[in-house]
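Trainee: Submitted below is the structure of interest, expressed as structure tokens.
The values are calculated or read from the model by the stated rules, or taken from the named source; none is laboratory data. On a predicted model such as this, the values are computed, not experimentally measured, just so you know. Quick reminder, even Gly has a Cβ in these numbers, built from the backbone with ideal geometry, and neighbours come from all protein chains shown. When the accessible area is computed, the model is the full protein with side chains, heavy atoms only, and any ligands, DNA or RNA have been set aside. Shrake-Rupley method; radii C 1.70, N 1.55, O 1.52, S 1.80 Å.
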Amino acid sequence: MGQQPPARMLIRSYADMTLRYGQVERAAFDGDPLDAFIFKTLFSANCRHLPYASAESRLLALTGPPAAAAMAERRALLRPVSIHAVSQSLNLPYETVRARTRAMMERGQVERVRGGLLAVAALQAEGPLAEAMLATHAIILDSFRALKALGFDVSAHGLPAQVAEPPPPGLVVRIVADMSNRYAELLSPTFGGILPLTIWGGAMRANVRDLMADPETAWRYACQDEPPPDHLRKPISVRALSAELGLPFETTRRHVAAMIDRGWLAAVPGQGVITPVSALGADSLGHTNLQLPGLYARMFCDLARAGFDLGAL
């Protein structure tokens, strides 16, 4: 394993986790992953001022139908955020975010108030968004357990639970989503936006999916300077990739073609595409990848401070 942190192991885990819960999140938006990205980023920004271990964060994450007064109290905890801030965070055009959030307002998912937008539908205790939140929580726990099964010491990267009561599922999801947003903000400029990053991440995940099941192989290629060689990567077709990500085929094909031209993806004739070692060794990608272990350590500490028992996974 050497002295380096297992950055690549965490990247594979991160990609698998976020793409899996992305599938259930987009189901709450009629299968549209871009709407799901925008809404999640908006809600994260609405809550950013609230410490994870605070009573306010727990109140915001409660499940079960709240009384009208409690719903008003939870809504009052949100702070508005501008369309410009969301577009910058996701590296998306302002007009795209404006049009998407306008449609969400028409559906009652987002409200415009003085100072910006509120993702009010995230406070609903039932319906598609509540179901997606609970499913996302289950995927997160499964991902942590899979890391533990590989021999990654999850509990060593956090602290003993510092609150007697476990955090509600919504708070766990918020903490993990915030970590994911930080990493995506760092990485998306390399690929020119959240959509090409998602497509590239989906290809990478498919290429090395089998490595996640074998501890010996996973640790052999765990560090940043030890990427799995190209011959171990299982190609994925553009059609299969678009289906996995819930993106239109032509959108996926266009971004894949551009990334092949740039060297971020390589075509394997008759089989599909892979994320080649030549791209994985790029300085811009490597610098960002090496920040992921620190983001994970911070996330585990935040979870522990909020009452999550890492040792009980």
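Trainee: Let's test this: bin the Cα-Cα distances of the stretch 1-63 at 10 Å from zero up to the farthest pair and state each bin's percent.
Mentor: It works out to 18, 29, 36, 14, 2, in whole percents.
Trainee: Given 4 °C and 1.567 mPa s, compute D for the stretch 179-229 with the Stokes-Einstein relation, Rh being the Kirkwood radius over Cα pairs; round to the nearest whole µm²/s. If you can, show how the numbers build up before the last one.
Mentor: On the way: Rh = 12.3 Å.
The Stokes-Einstein estimate is 105 µm²/s.
Trainee: Another question about this same structure. Report, to the nearest whole %, how much of the accessible area of the chain belongs to carbon and sulfur atoms, 1.4 Å probe, protein only. Please list the in-between numbers first.
Mentor: Values: 7630 of 13740 Å².
Exposed carbon and sulfur together represent 56 percent of the surface.
Trainee: Just check the stretch 111-227 against the gyration tensor rule for me: Cα atoms, a ≥ b ≥ c as the square roots of the eigenvalues, rounded for a/c under 1.5, and otherwise prolate or oblate depending on whether a/b exceeds b/c. Working shown, then result.
Mentor: Values: a/c = 2.07, a/b = 1.33, b/c = 1.56.
Verdict is oblate for the stretch 111-227.
Trainee: Now, a different point. Under the Kirkwood approximation applied to all pairs of distinct alpha-carbon atoms, what is the hydrodynamic radius of the stretch 172-313 in Å? Write down the numbers at each step before the final one.
Mentor: Details: mean 1/r = 0.0610 Å⁻¹.
In the stretch 172-313 this quantity evaluates to 16.4 Å.
Trainee: Let me spell out the model: positive unit charges on the Cβ of Lys and Arg, negative unit charges on the Cβ of Asp and Glu, origin at the Cα centre of the chain. What dipole size does that give, in debye rounded to 20?
Mentor: Approximately 500 debye in magnitude.
Trainee: If you don't mind, there's one more thing I want to ask. What is the Cα convex hull volume of the stretch 209-254 when expressed per residue in Å³? Please report the intermediate quantities before stating the final value.
Mentor: Details: hull volume 4.7 nm³, N = 46.
Per-residue hull volume (Cα only) is 103 Å³.
Trainee: Would you mind working out the accessible area per residue for the chain, using a 1.4 Å probe, and quoting it in Å²?
Mentor: On the way: 13740 Å² over 313 residues.
Result: 44 Å² of accessible area for each residue.
Trainee: Another question about this same structure. Tally Lys/Arg at +1 and Asp/Glu at -1 over every other residue whose Cβ is under 12 Å from the Cβ of residue 103; what's the total?
Mentor: Values: positive: 98, 100, 102, 107; negative: 30, 32, 35, 106.
Within the 12 Å Cβ shell, the charges total 0.
Trainee: Here is a follow-up. Determine, from the Cβ-Cβ distance of residue 56 and residue 98 and an R0 of 30 Å, the FRET efficiency 1/(1 + (r/R0)^6), rounded to the nearest 0.05.
Mentor: Details: r = 29 Å, r/R0 = 0.98.
That gives a FRET efficiency of 0.55.
Trainee: Could you give me the percent of Cα pairs per 20 Å distance bin for the chain, shortest bin first, beginning at zero and ending with the bin that holds the maximum distance?
Mentor: Spelled out per bin, shortest first, that is 32, 58, 9, 0.
Trainee: So how long is each side of the stretch 83-157 along the principal axes, counting just the alpha-carbon atoms, biggest first, in Å?
Mentor: Its Cα atoms span 47, 30, 19 Å along the three principal axes.
Trainee: Another question, if that's okay. Stokes-Einstein D for the stretch 219-298 at 4 °C, 1.567 mPa s, Kirkwood Rh over Cα pairs, in µm²/s?
Mentor: On the way: Rh = 14.0 Å.
In µm²/s, the coefficient is 92.
Trainee: For every other residue with a beta carbon closer than 12 angstrom to the beta carbon of residue 242, add +1 if it is Lys or Arg and -1 if Asp or Glu, then tell me the sum.
Mentor: Working: positive: 239, 253, 254; negative: 244, 250.
Summing Lys/Arg as +1 and Asp/Glu as -1 gives +1.
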